[in-house]
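Read-outs: derived from the displayed coordinates by stated rules, not from any lab. Just so you know, these numbers come straight off a predicted model, no measurement behind them. Glycine also receives a Cβ, built like all others from the backbone with ideal geometry; neighbour counts cover every protein chain displayed.
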Amino acid sequence: MGSKMEELLATKSIFFAVIFILQYILTIESASSISARKPLANNSSGPVLYPPVQLYMHDDHVVVDNGIFSITIASPQGTVTGIEFNGIDNILNDHNGESDRGYWDVNWSDPKNPTDKLDKLIGEHFDVITNYENQVELSFKRYWKISQNGNRVSLNVDKRYVVLRGSSGFYSYGILERFKGWPDVDVYQGRIVFKLQDKLFRYMAVSDERQREMPSFEDRSRGEPLDYPEAVLLTHPSDSLLRGEVDDKYQYSTENKDNRVHGWICSDPPVGFWMITPSNEFRNGGPVKQDLTSHAGPVTLSMFFSTHYAGTDLGMEFRDGEPWKKVFGPVFIYLNSVASAESPTWLWADAKEEMLMQTDRWPYDFLNSSDFPRAHQRGVVSGRLFVRDVALARADSAFIGLAPPGTIGSWQVESKGYQFWTRTDNQGYFEIKNVRPGQYNLYAWVPGYIGDYMHPSIVNVLQGSRIRMGVLVFHPPRNGPTIWEIGVPDRTAAEFYVPEPNPTLMNQLYTSQRTESFRQYGLWDRYTDLYPEQDLVYRVGVSNYETDWFFAHVTRKVGNKTYIPTTWTILFDLENIEPTGNYTIQLALASATAAELHVRNLQKFLYLLVSSFTFP
């Protein structure tokens with residue numbers, strides 16, 4: 001009996017020793033082999049597998065190190081000057097100055113002197129918000145003074161960086177604020193920017209279909225400028241396979257609803273750098289507004305708000321001393337790696353998984369700011385949407401969301417407040433979760449139906465509230481039966497004819513992608529090639545909009561950088577015309593920028609009433 005007990009105790013001792021050694025190995029290993037890791041809560045009492053987060057403060061910079069990576073931030077400026085990870089001393093481009101590697105900035109102007117100005121929001125005060133073994137949160141602030149009017153954007157700035165224990169990446173968010181009585185100002189763009197080592201990061205991924213080897217900044221500088229500075233024809237790239245292609249950062253734009261993860265891959269060592277946006281609540285323009293992602297440089301962005309693809313209508317105008325405050329972010333900058341024997345493409349798959357995990361954790365519960373409400377401080381709005389057109393139908397896959405009070409469709413030019421969007425299920429049910437307390441209108445549109453829906457009442461969301469809107473009915477504009485229709489009212493031009501690009505001005509990424517081919521450079525000039533003398537004529541019942549309706553109503557090129565308006569003609573036959581009746585033409589535009597559209601009736605006997613002029 002005694003020998004069996006001793007044998008059992010010896011076995012248990014070996015077992016405990018194995019566990020102890022395994023835990024020790026895991027602790028040491030955590031600094032070099034990275035995957036998607038779950039941070040411990042600040043009050044966690046579980047076993048410690050990862051080194052504690054360490055904060056090192058120096059005269060002009062601070063370093064935060066969690067054993068997986070370290071980040072160096074200039075103090076008190078708040079610009080990220082270095083990121084050390086997986087044997088790379090600095091992922092960021094250290095050939096740039098310290099203020100030009102990782103930074104926040106805004107574009108703004110004084111209404112009295114509307115010249116575009118760039119402000120990098122350089123901090124002047126540094127504070128340690130949290131310094132625990134499981135979390136470090138840092139703040140870099142700048143306070144605006146009236147003596148700076150005209151030289152700095154009139155905003156108070158609080159830039160935050162958060163590093164968690166066991167997390168392979170860091171968070172950043174910012175709080176921008178104006179006080180009542182401050183001077184008028186126009187603010188057009190706000191973002192966070194990271195510029196990476198160009199010798200290491202050459203492969204960019206924006207989506208499953210949109211990823212490729214990219215040219216370097218030097219490749220672009222040796223190229224031939226095209227119609228605008230962002231577009232360059234690569235004439236002498238370091239990679240000969242890129243010769244003759246067009247590089248243009250706008251070719252990698254993405255709609256807000258899909259702009260959730262993008263970034264860069266280094267092949268040696270195999271490392272990924274990713275921008276993850278777990279929520280769109282702080283972005284402007286709604287779910288289908290497009291904006292920049294990553295582009296040649298190598299550069300990775302998180303665009304919080306901009307006037308891209310819409311013009312100044314999307315800018316923020318502050319007048320008559322209007323006060324304002326908004327939290328942008330957090331976004332998560334994710335770092336991952338694989339063993340050298342594994343495929344670097346795994347890094348993209350892992351980044352997508354991390355994006356889903358970060359999204360599931362939203363709203364984060366570890367931020368130390370009263371301006372960022374946690375889940376229990378937010379509300380839920382639910383209901384069911386129907387469409388009453390020819391008959392009553394369930395609004396399948398409708399976009400429905402909350403945005404600041406306004407008019408029908410005003411969410412499309414909304415930038416100052418927060419927006420919360422979702423899709424209905426195939427029965428028309430919806431649930432909008434994690435809504436910040438505040439007053440909103442409920443907006444919606446249904447693919448396949450023209451027009452917009454807005455609930456007539458203000459939706460007042462309180463902390464922890466659950467608001468049931470009940471059954472809602474959207475009545476698309478209709479004055480009678482449809483006689484003819486060209487295209488599908490779904491806020492895209494995907495169904496129309498997109499021409500092949502000029503063979504000397506191509507991006508090979510899009511040569512085999514029908515859904516993204518509209519991003520090719522110079523397609524506006526292809527209209528002139530197709531219609532050199534006479535404009536487009538579409539005959540209802542004969543023409544096919546997939547092949548005969550150009551995807552964008554553009555101007556015609558008649559000379560060197562000279563363009564003239566174009567007039568498209570729709571021909572149709574009507575039988576049994578009602579002499580005293582009205583005939584209505586409804587127009588739905590997927591987008592419009594700096595454009596003017598006129599509708600003319602060339603047949604005097606037919607009266608056309610133009611209505612439902614929709615600008616998604």
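Which aspartates and glutamates have a Cα lying under 14 Å from the Cα of LYS257, excluding residues fewer than 8 positions away in the same chain? Candidates past the 8-residue exclusion: GLU281, ASP291. Once the Cα atoms are used to define both axes, helix 346-361 deviates from the longest principal axis of the chain by about 90 degrees. Relative to the longest principal axis of the Cα atoms of the chain, helix 2-29 runs at roughly 50 degrees. Residue separation of ARG243 and LYS112 scaled by 0.36 nm, minus their Cα-Cα distance, works out to 42.6 nm of gained length.
For LYS249, a cut-off of 17 angstrom between C-alpha atoms picks up these lysines, skipping any fewer than 8 places away in its own chain: LYS195, LYS289. Using only Cα coordinates, the Kirkwood hydrodynamic radius of the range 375-474 works out to 13.5 Å.
A helix-only calculation puts the chain at -3000 deg cm²/dmol for mean residue ellipticity at 222 nm, using -39500 (n - 2.57) for each DSSP H run of at least four residues, averaged over all residues. Put in order of Cβ neighbour count within 10 Å, fewest first, the listed residues LYS195, LYS112, LYS117 become LYS112, LYS117, LYS195.
In terms of the mean number of neighbouring beta-carbon atoms within 10 Å, the peptides 286-296, 265-275, 470-480 order highest first as 286-296, 265-275, 470-480. Summarising the label geometry, the points placed 7 Å from Cα in the beta-carbon direction at ASP127 and SER397 lie 4.8 nm from one another. On the basis of the beta-carbon distance and an R0 of 41 Å, LEU462 and ASP313 show a calculated FRET efficiency of 0.85.
For the range 54-361, the extents of the C-alpha atoms along the principal axes are 60, 52, 36 Å, listed from largest to smallest.
For the charge dipole of the chain, defined by +1 on Lys and Arg C-beta atoms and -1 on Asp and Glu C-beta atoms about the Cα centroid, which residue among GLN148, LEU462, ALA552 has the Cα displaced farthest towards the positive pole? It is LEU462, whose Cα lies furthest towards the positive end.
Both radii were evaluated on the Cα set of the chain; the Rg over Rh quotient, with Rh as the Kirkwood radius, amounts to 1.02. Taking a ≥ b ≥ c as the square roots of the eigenvalues of the alpha-carbon gyration tensor, the range 59-100 is classed oblate because a/c is 1.5 or more while a/b is no larger than b/c.
For the peptides 103-109, 553-559, 278-284, the ranking by mean Cβ contacts within 10 Å, running from highest to lowest, is 278-284, 103-109, 553-559.
Taking amide H atoms as placed 1.01 Å from N in the peptide plane, the amide H of THR81 lies under 5 Å from those of THR72, ILE73, ALA74, each 5 or more residues away in sequence or on another chain.
When both bridge partners sit in the range 375-474, DSSP labels roughly 75% of those beta bridges antiparallel. The calculated FRET efficiency for the pair GLU596 and SER369, based on their C-beta separation and a Förster distance of 41 Å, comes to about 0.40.
Magnitude of the charge dipole for the chain, about its Cα centre and with charges confined to Cβ atoms of Lys, Arg (+1) and Asp, Glu (-1), is about 1620 debye. The calculated FRET efficiency for ASP425 paired with ALA339, based on their beta-carbon distance and R0 = 51 Å, is about 0.75.
Taking Lys and Arg as +1 and Asp and Glu as -1, the other residues whose beta-carbon sits under 11 Å from that of TYR418 total +3.
Only alpha carbons enter this Debye calculation for the range 508-614, each as an equal point scatterer, and the log10 of I(q)/I(0) it gives at q = 0.13, 0.21 Å⁻¹ is -0.64, -1.38. Site pair ASN502 and ALA349 shows an inter-label distance of 4.1 nm when each label is modelled 7 Å from Cα along Cα→Cβ. The aspartates and glutamates whose alpha-carbon is closer than 15 Å to the alpha-carbon of LYS352, local same-chain residues fewer than 8 away aside, are ASP208, GLU209, ASP258, ASP360.
Pairs to check: LYS416/LYS561; LYS145/LYS325; LYS326/LYS433; LYS145/LYS433; LYS120/LYS557; LYS120/LYS326. Give those whose C-alpha atoms are more than 27 Å from each other in this structure. Result: LYS416/LYS561; LYS145/LYS433; LYS120/LYS557 exceed 27 Å. Note on the range 296-373: with charges restricted to the Cβ of Lys and Arg (+1) and Asp and Glu (-1), its dipole about the Cα centre is near 100 debye.
Can you compute the label reach from SER147? Point 7 Å from Cα along the Cβ direction, backbone N cut-off under 16 Å, restricted to the range 117-133. From the range 117-133, the list is 124. Note on the range 214-264 and the range 527-546: Cα centroid distance 31 Å, given to the nearest whole angstrom.
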